[in-house]
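Accompanying notes for the structure given below.
Bear in mind these aren't lab numbers, they're just calculated from the coordinates by the rules spelled out. Given the structure is predicted, the values throughout are model-derived calculations rather than measurements. All Cβ positions, glycine included, derive from the backbone under ideal geometry; neighbour counts span all protein chains shown.
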Amino acid sequence: MADSEILKYEPEELITGGKTFADINDDVSIPLETFPTPKNVRNWWCCFAFALFALTIGAICLGYTVATGIGVWGLNEPSGWGADITNFVFWVGIGHAGTLISAILFLFRQKWRTAINRSAEAMTIFAVMTALLFPLFHTGRPWYAAFWLLPYPNERQLWVNFRSPLLWDVFAVSTYFTISLVFWYVGLIPDFGSIRDRAKNKIRKFVYTILSMGWRGSNKNWSHYEVAYLLFAGLSTPLVLSVHSVVSFDFAVSVIPGWHTTIFPPYFVAGAIFSGFAMVVTLLVIMREVFGFKNYITINHLEKMNKVILATGMMVGYAYACEFFIAWYSGSAFETFAFINRAFGPYWWAYWIMVVCNSFIPQIFWFKKMRTSIPVMFVVSLYVNIGMWFERFVIITTSLHRDFLPSSWSMYIPSWIEWGVTFGAFGFFFTFFLLFVRAFPTLAMSELKGVMTIKKSQSSGGHHG
Amino acid sequence: MAEQKLAGVVGFFNDPDALLDATRKVKEAHYQSFDAFTPYPVHGLDDAMGLKRSPIPYVTFFAGMTGCLFAFGLQYWTSVIDWPLNVSGKPFNSWPAFVPVMFELTILFAGLATFGALMVACGFPNTKKKIVDPSITCDRFALMVDVAKKEKPGYKKFNTSEVEAFLKSVGATDVRVVYEEGWF
């Protein structure tokens, strides 16, 4: 009988404060139903204004770039990639935590994911949208990008080059975005139903009726729904691992010393999860405070995420060490030079920011007191974000600026336009995220109810059956 | 409203265990068409209702295969047949380089087909059947015995007062008659 399965779960308090099913609906709906200035969401407007300000700066800088040409960026020969591709890799990486939480932790039956998966998935979608801006604008004429990047029969009778990792990237990132969006939407359908059924306002009711697709909570639907959800998790798991692997192929398939290494795919995936979890911690620490979700996103949840940060941080640190070892062990003069130049050349400061932020600072999470302290984890997560941005900067810039021909060596310094675009990318991301928290249920209500009953059935001794 | 068409009789329960017990009894009583309504997927309910496993995985599998073959076909045709181009001396059919795109399109086709299959299987978007009660998406559990569209032999005949009494006897706290109603 299937209910014997229920009894196997060990009781673990995932939601504190003795909440009932109805409490979940009430608590999660607060930010959606109180508009424009409820007492506990007043800070939202300040954050939103700042995000819009950053977005405006970014839009101005991108407008200037498009109008003038990408010569306004600091790129040169041999540094053909700079802050733009750094930002692309950084934002794609941020997205990975969301899919890891929603898909991989689901397959591993990690019930604690239910409190954080919705917002982490939203983060994935907005991060991938942010990431996609950069290669598009890097083409200089983004309105032509689709014609250049997609294979379609055209008057030139030419096709894209399927042997290029840059094209693999087009397929990988666009598939990732599409599937993440569908997965997220499927998860939202029952919760849109909940919001619809408590809506008093006519327009609100209409909008959420459309979004919920007329969900009725029927078990005939749940039966299909659960199978589809499992399939999405199964599809997303290899997908997320492939996406950053393919992004790493952009580097690893080339012949540039410092890029041409086989460790790149797992190293990039670990780094992506590392940075993504740091971003989730940054956002959730703020969200649980502002929206009063402390009983749902507990210290226990945050501690688990910090453990993931610690583990993936050490994988990344191992990759840094391994690269150095192989550079020496390979006996290749170019490889050795690239790595010595990386750590002690003109960009030494960027390298050491990366190492300190990613490999040393997270070590503080060995101590339980530190992993469970909100201010500590908030600060560490910010350092990890900074460190991971610099990791991509280091990989791209230090490998390019000293190429095979010393006469063409030069320095790459991002122009203020590029810093403006980088700042604007954060504005773009946070604008979407802040709109999300006011329009969509930020906790997966139906899934939370599912993990609550496990405990209930346990305590009642499972008399049914 | 002029004439309301009878849709069925619904009974409400306050916890999933009571719903599970009642569902088993309704199934044993051989009602032709019935459905449970819950705020979250209740474990064991599929067995209690006697539902078969969803066929969606077959759709996913075949769509994934299609995506994989399509991706290989596209890359082979463009690189070998339509416009063979020598790229750094690699063979025209450099199939290892085609693997990433084959993988991505496998996932893309499989994922979109899964979504499509879910929509079809659940009858979404559903405009014709309104939710029985708003509390279902919050904290209540319901069991509804429907008026069968076409009566099949071997099943119990639908009779409103008889079904009402039956649902009360299996522990429903609140029993109501439901008429057909759309969302808009």
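Structure values in brief
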{"item": "At least 30 Å along the helix axis (C-alpha) and Kyte average at least 0.0, DSSP helices within chain A", "result": "A:42-68, A:117-138, A:165-198, A:219-252, A:264-291, A:299-329, A:374-401, A:416-439"}
{"item": "Helix-only CD estimate at 222 nm, as mean residue ellipticity for the protein assembly as shown, using -39500 (n - 2.57) per DSSP H run (n ≥ 4)", "result": "-20500 deg cm²/dmol"}
{"item": "Paramagnetic reach from A:T372 (point 7 Å along Cα→Cβ, amide N under 12 Å) across the stretch A:292-307", "result": "A:299-304"}
{"item": "Prolate/oblate/rounded call for the protein assembly as shown, Cα gyration tensor, a/c under 1.5 rounded", "result": "prolate"}
{"item": "Burial ordering of B:H43, B:H30, fewest other beta-carbon atoms within 10 Å first", "result": "B:H30, B:H43"}
{"item": "Chain B: angle of helix B:95-122 to the longest principal axis, Cα-based, in degrees nearest 10", "result": "20"}
{"item": "Cα long-axis angle, helix B:56-76 against chain B (0 to 90 degrees, to the nearest 10)", "result": "20"}
{"item": "Summed side-chain charge close to A:I101 - residues other than A:I101 whose Cβ falls under 9 Å, Lys, Arg +1, Asp, Glu -1", "result": "0"}
{"item": "Approximate spin-label separation A:S254-A:W148, in nm, with each point projected 7 Å along Cα-to-Cβ", "result": "1.6"}
{"item": "Folded to 0 to 90 degrees: helix B:160-169 orientation relative to chain B principal axis, Cα", "result": "90"}
{"item": "Proxy reagent accessibility, fewest Cβ within 10 Å first, across A:Y176, B:Y31, A:Y329", "result": "A:Y329, B:Y31, A:Y176"}
{"item": "Residue pairs, from the table A:K205/B:K5; A:K19/B:K52; B:K27/B:K129; A:K19/B:K25; A:K202/B:K128; A:K111/B:K149, whose Cα atoms sit over 29 Å apart", "result": "A:K19/B:K52; A:K19/B:K25; A:K111/B:K149"}
{"item": "Unit charges on C-beta of K, R, D, E only; dipole of the stretch B:126-184, Debye", "result": "300"}
{"item": "Residues in the stretch A:127-166 that a label on B:I81 would reach, taking backbone N under 19 Å of a point 7 Å out along Cα→Cβ", "result": "A:151-154, A:157-163"}
{"item": "Label-point separation, A:A59 to B:S88 (7 Å along Cα→Cβ), nm", "result": "4.1"}
{"item": "Using a Förster distance of 30 Å, the FRET efficiency for B:K150-B:F124 (Cβ separation, nearest 0.05)", "result": "0.80"}
{"item": "Per-residue Cβ neighbour rank within 10 angstrom, fewest leading, A:M213, A:M315, A:M388", "result": "A:M315, A:M213, A:M388"}
{"item": "Proximal charge balance of B:F98 [Cβ under 14 Å; K/R count +1, D/E count -1]", "result": "+1"}
{"item": "FRET efficiency estimate (nearest 0.05) - Cβ-Cβ, A:W45 to A:N201, R0 22 angstrom", "result": "0.60"}
{"item": "Potential lengthening between A:T34 and A:W409 on full extension [0.36 nm per residue; Cα-Cα distance subtracted]", "result": "129.2 nm"}
{"item": "Residues A:V72 and B:L69, FRET efficiency given R0 of 35 Å [Cβ-Cβ distance, rounded to 0.05]", "result": "0.20"}
{"item": "Spin-label pair B:L6/A:I210, simplified geometry with 7 Å Cα→Cβ offset, distance in nm", "result": "3.7"}
